[in-house]
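Everything on this sheet refers to the single structure shown next.
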Amino acid sequence: MLAIETSCDETAVALLICEGTAEAPNIRMIEQALYSQTKEHAPYGGVFPALAKREHAKNIVPLFLQATESVRTPGEISPPLTDARTDMLQEFLKQEGTLAEIFFEHIVPLPRPDIDAIAVTYGPGLEPALWVGLNFAKAISYLWDIPLVPINHMEGHILSVLADGQDSHESKVMSHKIEYPALALLVSGGHTELVHVTAPLSYEKIGQTRDDAVGEAFDKVARLLSLPYPGGPEIGKLAAESRILGETIPDSLIFPRPMIHMDNFDFSYAGLKTSVLYKVRELGDLDDTTKRLIARSFEEAAIDVLIAKTKKALESFEVQILIVGGGVAASGYLRTRLNALMSDFPTVTLRISSRDLSTDNAVMIGIAGYLRFIDDTKKYPPYHGEDLRAHGTLSLA
Ligand code: KG4
Ligand code: ZN
């Protein structure tokens with residue numbers, strides 16, 4: 001399984017060997033080539049879509065070549081490239097700037113790689129960014145006549161817990177199982193969701209953010225504190241320092257916990273961010289101690305709500321495991337709080353995706369691709385045609 005992910009600011013291509021059933025998959029990672037654009041976006045304090053698109057288009061072919069080195073068998077013959085087929089490839093790539101040129105120079109002359117299927121993220125995410133990966137995937141699946149499996153990025157985050165941590169130069173067995181039903185807490189820069197996973201590939205979204213995502217709030221608050229993008233790890237560092245120093249948060253720096261007592265599984269982070277904004281404006285120049293305390297107080301408010309809503313969901317749905325995925329799952333403080341929460345639910349197992357698979361990656365897309373592909377191989381022809389489009393607001397259920 002070859003997997004491609006370009007929904008936000010990571011360009012990633014992974015190659016996996018997949019066996020087993022949906023209930024007990026046996027997946028080995030051969031290679032993941034990933035380029036994170038955070039440095040390019042840092043000056044903007046967030047992801048700048050046109051820049052993300054350009055960077056994906058520039059980097060996807062080198063990453064593809066790196067990830068597929070081991071499956072480029074010289075004996076494999078590509079289907080003949082007629083004029084009509086060349087036109088079709090041009091059609092797939094015409095919106096992607098420099099990609100078309102790079103594709104014809106570096107991809108078209110290659111022997112057909114030994115790949116059974118290609119998985120690609122088609123949403124949710126930034127549409128210009130998604131289109132690069134999707135059009136590239138369409139082009140290679142058409143060029144080599146390989147089934148194409150479109151994947152919902154959020155399903156990838158859920159299934160990322162099937163994998164162990166990875167080491168990009170060592171193939172690694174990933175043989176965790178998911179016990180169903182499960183509850184998934186998905187926390188990233190674009191999403192904050194609670195999903196009831198009733199069976200393999202069956203999702204029921206029970207709650208989501210009504211405005212900003214939790215990771216987005218971390219990024220915006222970091223900006224208010226003049227911390228670099230992405231803000232989550234920076235806020236986490238300052239907050240941890242404050243705890244180590246044994247500081248006490250004064251009442252004047254306590255922020256609201258939006259929607260924490262509401263009888264639903266929804267979230268709201270815009271108001272919390274605004275409270276921090278007003279406080280920062282009120283205080284003017286911030287000394288290091290105040291910055292640390294604000295970072296910590298914000299982190300605790302944001303994560304209190306995640307924990308309260310997850311607790312409510314665990315009380316309402318009888319599940320075997322709690323899955324936590326998405327970039328914010330890398331937060332050490334969230335991990336500590338989740339571990340503490342589990343003592344209230346002794347029959348539920350906590351499964352947090354490993355740190356390197358919490359943030360966006362192609363391994364999780366490949367795992368989801370494999371489960372979808374073996375579920376119904378006939379559903380996945382090469383390239384699909386016009387019907388398969390990038391879908392920025394694609395929802396799990
Ligand atoms: O899943 P992800 O890589 O991309 C999206 O799909 O959005 O998540 C990125 C988000 C960013 O908002 C980043 O600030 C946040 O995850 N993040 C963290 C931490 N590491 C990354 N938030 C809190 N604590 C962290 N340690
Ligand atoms: Zn993500």
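The values are calculated or read from the model by the stated rules, or taken from the named source; none is laboratory data. If you're wondering where the values come from, they're calculated on a predicted model, not measured in any experiment. Because the Cβ atoms are built from the backbone with ideal geometry, glycine has one as well, and the counts that use them run over all protein chains shown. Please note that ligands, DNA and RNA were not included when accessible areas were found on the heavy atoms of the full protein model with its side chains. Shrake-Rupley method; radii C 1.70, N 1.55, O 1.52, S 1.80 Å.
Most fluctuating residue of Thr290, Thr248, Thr68 in a GNM of the chain with Cα springs under 10 Å: which is it?
Most flexible of the set in this elastic network: Thr248.
Which whole-percent values make up P(r) of segment 25-165 when all C-alpha to C-alpha distances are grouped in 10 Å steps starting at zero?
10, 38, 37, 14, 1
Let me spell out the model: positive unit charges on the Cβ of Lys and Arg, negative unit charges on the Cβ of Asp and Glu, origin at the Cα centre of the chain. What dipole size does that give, in debye rounded to 20?
540 debye
Relative to a virtual label point 7 Å from the Cα of Met342 in the Cα→beta-carbon direction, which members of segment 135-161 show backbone nitrogen distances below 18 Å?
Only 158-161 fall inside the zone, counting backbone N under 18 Å.
Quick one: ranking Arg210, Arg372 by accessible area, 1.4 Å probe, largest first, what do you get?
From most accessible down to least: Arg210, Arg372.
Quick one: what does P(r) look like for segment 232-321 with 10 Å bins over all Cα pairs, in whole %?
Result returned by the calculation: 16, 42, 28, 12, 2.
For segment 241-397: lysine pairs with Cα atoms under 24 Å, gap of 8 or more or different chains, count? Mind dumping the intermediate values first?
Working: Lys273/Lys291; Lys273/Lys309; Lys273/Lys311; Lys273/Lys312; Lys279/Lys291.
Eligible lysine pairs with Cα atoms under 24 Å apart amount to 5.
When the solvent-accessible surface of protein heavy atoms is calculated with a 1.4 angstrom probe, in what order do Ile206, Ile146 fall, highest first?
Working: Ile206 30, Ile146 0 Å².
Reading off the accessible areas and sorting them downward yields Ile206, Ile146.
Can you tell me how much longer the chain between His261 and Asp304 gets when fully stretched, taken as 0.36 nm per residue apart minus their C-alpha distance, in nm with one decimal? Working shown, then result.
On the way: separation 43, 0.36 × 43 = 15.48 nm, distance 1.12 nm.
Stretched fully, the His261-Asp304 segment lengthens by 14.4 nm.
Give the Debye-formula value of log10 I(q)/I(0) at each listed q (0.07, 0.12, 0.14 Å⁻¹), with one equal scatterer per alpha carbon of the chain, two decimals each.
The computed values of log10 I(q)/I(0) come out as -0.33, -0.92, -1.18.
How much of the accessible area of the chain, in percent, comes from carbon and sulfur atoms when a 1.4 Å probe is used?
Values: 8290 of 16370 Å².
Its accessible area is 51 percent carbon and sulfur atoms.
Does segment 106-160 come out rounded, prolate or oblate, given a ≥ b ≥ c as the square roots of the eigenvalues of its C-alpha gyration tensor, rounded meaning a/c under 1.5 and, failing that, prolate meaning a/b above b/c?
Oblate, since a/c reaches 1.5 and b/c is not below a/b.
Say the dipole of the chain comes from +1 at the beta carbon of Lys and Arg and -1 at that of Asp and Glu; which of Tyr122, Leu65, Leu194 then lies farthest toward its positive end?
Projecting each Cα onto the dipole axis, the largest value belongs to Leu194.
How many percent of DSSP beta bridges within the chain run antiparallel, rounded to 5?
Bridges in the chain that DSSP calls antiparallel: roughly 65 percent.
If only Cα atoms are counted, what is the Rg of segment 177-330, and what is its Dmax, in Å?
My reading of the Cα-based Rg and Dmax gives 16.3, 52 Å.
Compute the semi-axes of the equivalent ellipsoid of segment 66-140, taking the square root of 5 times each eigenvalue of the Cα gyration tensor, and list them largest first in whole Å.
Numbers: eigenvalues 95, 55, 23 Å².
One finds semi-axes of 22, 17, 11 Å for segment 66-140.
Hey, can you find the accessible area per residue of segment 1-119 for me, probe 1.4 Å, expressed in square angstrom?
Working: 5420 Å² over 119 residues.
Dividing the accessible area of segment 1-119 by its residue count gives 46 Å².
At Arg281 and Lys205, where each label point lies 7 Å from the Cα along Cα→Cβ, what is the point-to-point distance in nanometres?
3.1 nm
Going by accessible area, probe 1.4 Å, with all protein chains left in place, what is the ranking of Trp131, Trp144, largest first?
Trp131, Trp144
Straight-line reach from Lys58: which lysines fall under 23 Å, measuring Cα to Cα and dropping same-chain residues less than 8 apart?
Lys39, Lys94, Lys138
Compute the label zone of His391 within segment 136-162: residues whose backbone N is under 13 Å from the point 7 Å along Cα-to-Cβ.
Counting only backbone N, you get 150-155.
Compute the semi-axes of the equivalent ellipsoid of segment 53-102, taking the square root of 5 times each eigenvalue of the Cα gyration tensor, and list them largest first in whole Å.
Values: eigenvalues 88, 75, 6 Å².
Over the Cα atoms of segment 53-102, the semi-axes work out to 21, 19, 5 Å.
Charges on Cβ only, +1 for Lys and Arg, -1 for Asp and Glu, centred on the Cα centroid of segment 304-354; of Gly326, Leu338, Val348, which one is farthest towards the dipole's positive end?
Looking along the dipole axis, the top candidate is Gly326.
Classify segment 302-397 as rounded, prolate or oblate from the Cα gyration tensor: take a ≥ b ≥ c as the square roots of its eigenvalues, call it rounded if a/c is under 1.5, otherwise prolate when a/b beats b/c and oblate if not.
It comes out prolate by the Cα gyration axes.
Computed FRET efficiency, Cβ-Cβ of Ser354 and Gln320, R0 30 Å: what is it to the nearest 0.05?
Taking R0 as 30 Å, the efficiency between Ser354 and Gln320 is 0.90.
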